[in-house]
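Quick notes on the structure that follows.
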Amino acid sequence: MGPIRVRLHDEAVSIGSPKQRTLLLALLLNLNRPVSLDWLTGALWESEAPISAVANLRSYANTLRRVLSVLDDVEIVGKGRSYQLLAAPQRLDLTSFEQTAQSGRAALARGDFTAAMAQLREAIDLWRGPVGQGIDCEKPMAARLAALREQYMTVLEDHAEAGIALGACAEAAFGLRVLLGDEPLRERSWGLLMRAVYGSGDTAGALSVYAQARTQLVRDLGIEPSEELRHVHRAILNRAPLPLPRHWELSSPGHREGAAPGPAAPANSARSPVASRRGAATRCHGNCPVPCSSPDGGERQRMWWRP
């Protein structure tokens with residue numbers, strides 16, 4: 001992603017004027033779907049559209065047709081009062097990002113943390129910066145671009161979660177600190193950072209992370225940290241097993257989702273059962289020093305935490 005680019009045999013193809021680039025971005029964000037002239041007008045000019053806006057749009061579209069004519073199976077077609085960019089989704093790196101991120105998230109959900117890390121890292125590497133970087137977008141497109149950035153930040157959090165599950169707590173902590181430097185109000189990131197720091201053996205550091213999170217939330221939003229963050233904080237204060245994240249369910253090897261977990265292995269076992277959202281649970285490698293409790297605060301399972 002990043003700045004919008006068209007490449008032919010690894011050579012950049014000139015797109016033209018800023019308005020043409022904005023139009024191409026609008027069509028790419030709605031790939032293979034008709035986009036009305038009214039929406040495109042709002043995307044390019046919002047409330048200050050010139051009287052000649054529709055004529056200008058048609059001119060930009062015609063110019064883009066010529067630019068894209070060098071690419072096979074890529075075409076801009078007009079349908080009534082709309083335009084549509086036709087292309088195979090695989091030609092767009094945004095599609096690759098979304099599909100790879102979805103695969104990584106699915107691997108995370110089934111407890112395949114190694115596959116999740118690899119696929120989520122592949123998605124992250126596709127992100128060269130905000131989509132449409134350098135293009136002045138009006139409100140209709142700005143909302144879509146903000147949603148894509150939110151998706152990217154979720155991928156970063158998912159990647160950190162998989163890393164913590166594999167015991168890569170220090171690496172996860174570094175990435176989470178960078179993310180929180182840009183987005184300091186993300187409670188999930190704060191919670192993961194607390195887990196990563198505690199998982200590195202730094203209890204005082206994990207408590208400091210909670211204090212920073214609380215200060216940020218109270219100062220900027222006037223709210224206290226969520227119950228989940230407070231629950232993790234209480235566990236760290238007591239040097240107790242961490243509660244599982246709310247989006248996980250306890251299971252044991254050989255048990256289907258919803259079945260009661262079987263006997264837990266000792267905490268010092270190199271093959272302790274771990275939590276999984278669905279299906280049979282995977283097993284840890286014994287390299288994450290943070291044992292967990294059940295999310296409802298009930299009887300603690302002697303198991304290593306896996307997000």
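The values are calculated or read from the model by the stated rules, or taken from the named source; none is laboratory data. Remember, it's a predicted structure, so these values are computed and weren't measured experimentally. Ideal geometry is used to build each Cβ from the backbone, glycine not excepted, and the neighbour counts take in all protein chains shown. Only protein heavy atoms, including side chains, enter the accessible area calculation; ligands, DNA and RNA are left aside. Shrake-Rupley method; radii C 1.70, N 1.55, O 1.52, S 1.80 Å.
Residue by residue, here is whether (1) more than 15 Å from VAL6 (Cβ to Cβ); (2) surrounded by fewer than 16 Cβ atoms within 10 Å (Cβ to Cβ) holds:
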site	(1), (2)
LEU25	no, no
ARG33	yes, yes
THR41	yes, no
TYR60	no, no
ARG66	no, yes
PRO89	yes, yes
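Determine which member of the set ALA55, ALA26 is modelled with pLDDT of 85 or more and either under 17 Å from ALA143 (Cα atoms) or assigned to a strand (DSSP E or B) (or both).
The conditions single out ALA26.
Cβ-Cβ distance below 6 Å, separation of 6 or more or different chains: which pairs start in region 112-130 with a residue that is among the charged types (D, E, K, R) and end on one that is open to solvent by less than 60 Å² (accessible area, probe 1.4 Å)?
From region 112-130, the pairs are GLU122/THR100; ARG128/MET1; ARG128/GLY2.
Looking only at region 223-244, which residues are crowded, with 16+ Cβ neighbours inside 10 Å and not β-branched (Val, Ile, Thr)?
We begin by selecting, within region 223-244, every residue crowded, with 16+ Cβ neighbours inside 10 Å; these are 225-226, 228-229, 231-233, 235-236, 241-244.
Result: PRO225, SER226, GLU228, LEU229, HIS231, HIS233, ALA235, PRO241, LEU242, PRO243, LEU244.
Among the residues of region 174-190, what is the count of those that are touching an Asp or Glu at 6+ places or on another chain (Cβ under 9 Å), buried (at least 16 other Cβ atoms within 10 Å of the Cβ) and of a type in the set (A, V, I, L, M)?
Summing the residues that are touching an Asp or Glu at 6+ places or on another chain (Cβ under 9 Å), buried (at least 16 other Cβ atoms within 10 Å of the Cβ) and of a type in the set (A, V, I, L, M) in region 174-190 gives 2.
Just for region 68-79: of the residues that are at pLDDT below 85 and open to solvent by less than 30 Å² (accessible area, probe 1.4 Å), which one is nearest to ARG21 (Cα to Cα)?
LEU68
Yes/no per residue for (1) under 29 Å from the mean Cα position of the chain (by Cα); (2) more than 17 Å from PRO140 (Cβ to Cβ):
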site: LEU31; (1), (2): yes, no
site: LEU37; (1), (2): no, no
site: LEU40; (1), (2): yes, no
site: TYR60; (1), (2): no, no
site: THR63; (1), (2): no, yes
site: ARG66; (1), (2): no, yes
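Give the residues of region 140-173 that are open to solvent by 50 Å² or more (accessible area, probe 1.4 Å) and either more than 14 Å from the chain's Cα centre (by Cα) or at positive phi (or both), sorted by residue number.
Answer for region 140-173, where residues must be open to solvent by 50 Å² or more (accessible area, probe 1.4 Å) and either more than 14 Å from the chain's Cα centre (by Cα) or at positive phi (or both): ALA143, ARG144, ALA170, GLU171.
Within region 204-222, can you find the residues that are closer than 15 Å to LEU185 by Cα and open to solvent by less than 70 Å² (accessible area, probe 1.4 Å)?
Within region 204-222, VAL209, TYR210, ALA211, ALA213, GLN216, LEU217, VAL218, GLY222 meet the criteria.
Just to be sure, is ARG91 touching a residue at least 40 places away in the same chain (Cβ under 8 Å) and of a type in the set (Lys, Arg)?
No: the conditions fail for ARG91.
Answer yes or no: is there a residue in region 112-121 that is farther than 22 Å from LEU27 by Cα and in a loop (DSSP other than H, G, I, E, B).
yes
Does at least one position in region 95-111 carry a residue that is hydroxyl-bearing (Ser, Thr, Tyr) and part of a strand (DSSP E or B)?
Applying the first criterion (hydroxyl-bearing (Ser, Thr, Tyr)) to region 95-111 yields 95-96, 100, 103.
Next, only the ones that are part of a strand (DSSP E or B) stay: none.
Within region 95-111 (the criterion being hydroxyl-bearing (Ser, Thr, Tyr) and part of a strand (DSSP E or B)), the answer is no, since none of the residues qualifies.
Here is a check on your reading of the model: is SER200 of a type outside the set (Lys, Arg) and open to solvent by less than 50 Å² (accessible area, probe 1.4 Å)? Show your work before the answer.
Details: of a type outside the set (Lys, Arg): yes; open to solvent by less than 50 Å² (accessible area, probe 1.4 Å): no.
No; evaluated as a whole, the condition is false for this residue.
May I ask you to list pairs of residues, at least six apart or on different chains, whose Cβ atoms are under 8 Å apart, with the first in region 24-53 being hydroxyl-bearing (Ser, Thr, Tyr) and the second being open to solvent by 50 Å² or more (accessible area, probe 1.4 Å) and part of a loop (DSSP other than H, G, I, E, B)?
SER36/ARG81
Criterion first (of a type outside the set (S, T, N, Q), closer than 21 Å to LEU207 by Cα, touching a residue at least 40 places away in the same chain (Cβ under 8 Å) and touching a helix residue (DSSP H, G or I) at 6+ places or on another chain (Cβ under 8 Å)) does GLY167 satisfy it?
Spelling it out, GLY167 is indeed of a type outside the set (S, T, N, Q), closer than 21 Å to LEU207 by Cα, touching a residue at least 40 places away in the same chain (Cβ under 8 Å) and touching a helix residue (DSSP H, G or I) at 6+ places or on another chain (Cβ under 8 Å).
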